[in-house]
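The values are calculated or read from the model by the stated rules, or taken from the named source; none is laboratory data. Source: prediction; values computed, not measured. Using ideal geometry, Cβ is built from the backbone for each residue, glycine included, and neighbour counts are taken over all protein chains shown. When the accessible area is computed, the model is the full protein with side chains, heavy atoms only, and any ligands, DNA or RNA have been set aside. Shrake-Rupley method; radii C 1.70, N 1.55, O 1.52, S 1.80 Å.
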Amino acid sequence: MLARYLLASLLVLIGLFSPASAADRPNFILFIADDVSWNDFGCYGNETARTPNIDALASHGVKFTNAYLTASSCSPSRCSIVTGRYPHNNGPASELHRPLPDHLIKFPKLLQEAGYYTALAGKDHMPQDNANENAVWNDKRGTNVPGNSGGEGHWLDIVQKRPKDKPFFFWFAATDAHRGWDADRQWQEDNYGPKHQPEGVTVPPYLRDAPATRDDLASYYNEITRFDYYIGKVVAELKKQDALDNTMIIVMADNGRPFPRAKTRVHDSGMKTPFVVSFPKDVAQPGRTCDQLVSAIDICPTILQLAGVNVPEQAQGVSFAKLLEDPQGKSARKLAFSEHNWHDYEAHGRSVRNGDGLLYVRNARPEKAWLGPADAVSSPSHQDLVAAKEDLTPAQADLFLQPRSGEELFDTNLDPLQVQNLVGDPKYAKQLAEMRQAMDAWQKETGDSVPTDYTIDFYDRETGYTDRKTGQRIKGDRPYGDWAGKENNAAKINASGPK
C-alpha cells in the first residue's frame, strides 16, 4: 500500500495526474491534546478515562505503545514536531515560549506548496522569527468559541468548509487538558456525558490518594473527555463526506499531564505519549498494537513521504509508514532521544531509550530538584505532597530529591515507575556503557551543549506562581539566557545522531 502512494505521488510530481486525481492523495489530521499522559486514554487501559472516540480510532487503526516526545514541554515539543528536529536543533525554541529561527521550515508549508489545503485550529504555540504564517496555513483559527475555550470549537467548521478539490492537512490542537480546568465551567452534559467524579478517578502512584488530588484529577479527566468528544465530531463529518478512508488521523499529546512528576520530566510519565494512528486505506489488520519505538520527530518525514513530498534535509526523524502495514515489523528506529530545557525553572536533562526497555538519563542540573512546571507546583496535588513530605513513597518523594544523580539508568520492564536507579549495579554495567556511548554520540553529532549563561528560575520552587513572601502573583518576566547548542550553532546542524 505504501508503494501505491509513492508511485501515485511520483506521477503527481511529474505531471501525469490531473488536478482531480491529485486530490485523491491522502489527507492528514493531527489531533494534539495539551498536557495529557500516555496512559490517560481508555484504549491504553485507563479505567477512569472516558474516551470512546479515541478508543474507536485505536480499534480501527494502530495503537503505538512506545511513542516518545522529544520534549515534555509545550512549545519546544510542538516546534519539534512541526520541524522534525530535536529541540536544541531548533535554537531558542528549545525553551518555553521562545521562537524558531526563520530559516527552519514548518513542514505543513511544504504540503501547501504541493497543493494541500492546510489549516491550524486551536493552540498554536509555535512562534517563529519573521514568520509568514499565511505561507504555512491557508486557514488559521484560535482557541475560543462561545461556551468553549478548549481549542476544539473551530475544528468541525474547518472540515465542513474545506475545498473539496484538494487534499488537506489539519493541525487540530486543543488547550484541553491544560490547567485552568475550563471544561468544569463550560460543561455540556448532553454532549460530554456526566462529569467525572473524584471517587471514581485513578490516582497515579506519583501522587497521594487525597481529596484535593482526586478533585484535581476529576477536572483533568473532564478536559480529556471534551477533547475526545470533538474528535468524534470530526470523524463523523469525515464519514459523511466519504473522506475517512483516505485520511490518516494521529491522536497524541504534547507532553505529560500537568501534575507532579509528569510534565517536564524525561521519564515515561512526562515524555511518553499516547499515539493512535487511524488510516483505513493503509492500515493492515486494524486494531493491532505496535511496540516499536517511534519519536515525535518521525511524524514530519512520515506525512511528507505518504504525501509524495520531498523530506527536507533539516528533518532528523525517520518514517514509520511501514509500521502501519506491519506493526510488528522491523523498525527503522532503535533509539529514541528526548530532552528538557528551561520551562519556568532552570533545567538541562537528556534521555535515551532503546527497544529493550532501558532508559538512560543525564542531568546537568543535579543540584536542584526536578520540579514540574509552575502551574503544577501551584496545584492542589503538588501542595498535598508538600504537606505530607515526611510520609511519601519513593515514587512520590522523587519529586523532592535534591541533589539528584547526574546519571540514571532504569529497566522500565522491571521498574515501570522508574525509581530504582541502576547506575552502579554491576549487572547493568554493559548496558550503561552502551547507553552512555549513544548519548555521547548524539550530543556531539547534533551539537548539544550545556549553556553557561543559562535561563534561571522565573517562579518560586515551593509555591509556583505565588511569591511566598508577598503572596502576590510573580510576573515571570526575567530575561532569558543562552539556549542549549547555541555555542555550536546547533540550529544549523541537520545531523540526527544515532537512531
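Overview of values
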| item | result |
| --- | --- |
| Close pairs from region 47-63: first farther than 15 Å from Asp228 by Cα, partner open to solvent by 20 Å² or more (accessible area, probe 1.4 Å) and of a type in the set (Phe, Trp, Tyr), Cβ under 9 Å, at least 6 apart | Lys63/Tyr44 |
| Qualifying residue in region 216-223 (condition: open to solvent by 10 Å² or more (accessible area, probe 1.4 Å) and either modelled with pLDDT under 95 or over 22 Å from the mean Cα position of the chain (by Cα) (or both)) | no |
| Region 47-90 - residue that is open to solvent by 10 Å² or more (accessible area, probe 1.4 Å) and in a loop (DSSP other than H, G, I, E, B) and, of those, nearest to Glu237 (Cα to Cα) | His60 |
| Residue tally, condition closer than 14 Å to Ile29 by Cβ and open to solvent by 10 Å² or more (accessible area, probe 1.4 Å), over region 269-280 | 1 |
| Pairs with Cβ under 6 Å, 6+ apart, first in region 88-112 and among the basic types (Lys, Arg), second part of a helix (DSSP H, G or I) | Arg98/Pro92; Lys106/Val82; Lys109/Ala135 |
| Residues within region 288-306 that are within 15 Å of the chain's Cα centre (by Cα) and either within 15 Å of Trp171 (Cα to Cα) or surrounded by fewer than 19 Cβ atoms within 10 Å (Cβ to Cβ) (or both), tallied | 3 |
| Qualifying residue in region 118-132 (condition: open to solvent by less than 10 Å² (accessible area, probe 1.4 Å), touching a Pro at 6+ places or on another chain (Cβ under 6 Å), free of Cβ contacts under 8 Å to residues at least 60 places away in the same chain and more than 27 Å from Asp477 (Cα to Cα)) | yes |
| Pairs where the first residue, in region 430-453, is open to solvent by less than 80 Å² (accessible area, probe 1.4 Å) and the second is of a type in the set (A, V, I, L, M, F, W, C) and in a helix (DSSP H, G or I), C-beta under 6 Å, 6+ apart | Gly447/Ala490 |
| Odd one out for Lys330, checked against (1) of a type outside the set (Val, Ile, Thr); (2) open to solvent by 10 Å² or more (accessible area, probe 1.4 Å); (3) modelled with pLDDT of 95 or more; (4) over 22 Å from Leu244 (Cβ atoms) | (3) |
| Search result, residues across region 462-480 that are touching a helix residue (DSSP H, G or I) at 6+ places or on another chain (Cβ under 9 Å) and either open to solvent by less than 100 Å² (accessible area, probe 1.4 Å) or not in a loop (DSSP other than H, G, I, E, B) (or both) | Thr463, Gly464, Tyr465, Ile474, Gly476, Tyr480 |
| Subset of region 96-117 (residues that are touching a strand residue (DSSP E or B) at 6+ places or on another chain (Cβ under 7 Å) and open to solvent by less than 20 Å² (accessible area, probe 1.4 Å)) | Leu96, Leu100, Pro108, Leu111, Tyr116 |
| Verdict on Val309 being of a type in the set (Val, Ile, Thr), more than 27 Å from Val203 (Cβ to Cβ), out of contact with any strand residue (DSSP E or B) (no Cβ under 6 Å at 6 or more places or on another chain) and surrounded by 20 or more Cβ atoms within 10 Å (Cβ to Cβ) | yes |
| Residue count for region 393-427, restricted to those that are part of a helix (DSSP H, G or I), free of Cβ contacts under 8 Å to residues at least 24 places away in the same chain and within 19 Å of Arg350 (Cβ to Cβ) | 0 |
| Test: Ser449 is in a loop (DSSP other than H, G, I, E, B), closer than 27 Å to Asn66 by Cβ, at pLDDT 95 or above and hydroxyl-bearing (Ser, Thr, Tyr) | no |
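So that you can scan it fast, the table gives a plain yes or no per residue for (1) over 23 Å from the mean Cα position of the chain (by Cα); (2) closer than 17 Å to Leu96 by Cβ; (3) modelled with pLDDT of 95 or more; (4) among the β-branched types (Val, Ile, Thr):
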site: Ala441; (1), (2), (3), (4): yes, no, yes, no
site: Asp453; (1), (2), (3), (4): yes, no, yes, no
site: Thr466; (1), (2), (3), (4): yes, no, no, yes
site: Lys469; (1), (2), (3), (4): yes, no, no, no
site: Gln472; (1), (2), (3), (4): yes, no, no, no
site: Ile493; (1), (2), (3), (4): no, no, yes, yes
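The rows are residues; the columns are (1) more than 19 Å from Asp228 (Cβ to Cβ); (2) charged (D, E, K, R); (3) touching a residue at least 60 places away in the same chain (Cβ under 8 Å).
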site	(1), (2), (3)
Asn255	no, no, yes
Arg261	yes, yes, yes
Thr264	yes, no, yes
Gly270	yes, no, yes
Pro274	no, no, yes
Val277	no, no, yes
Val283	yes, no, yes
Asp291	yes, yes, yes
Leu306	yes, no, yes
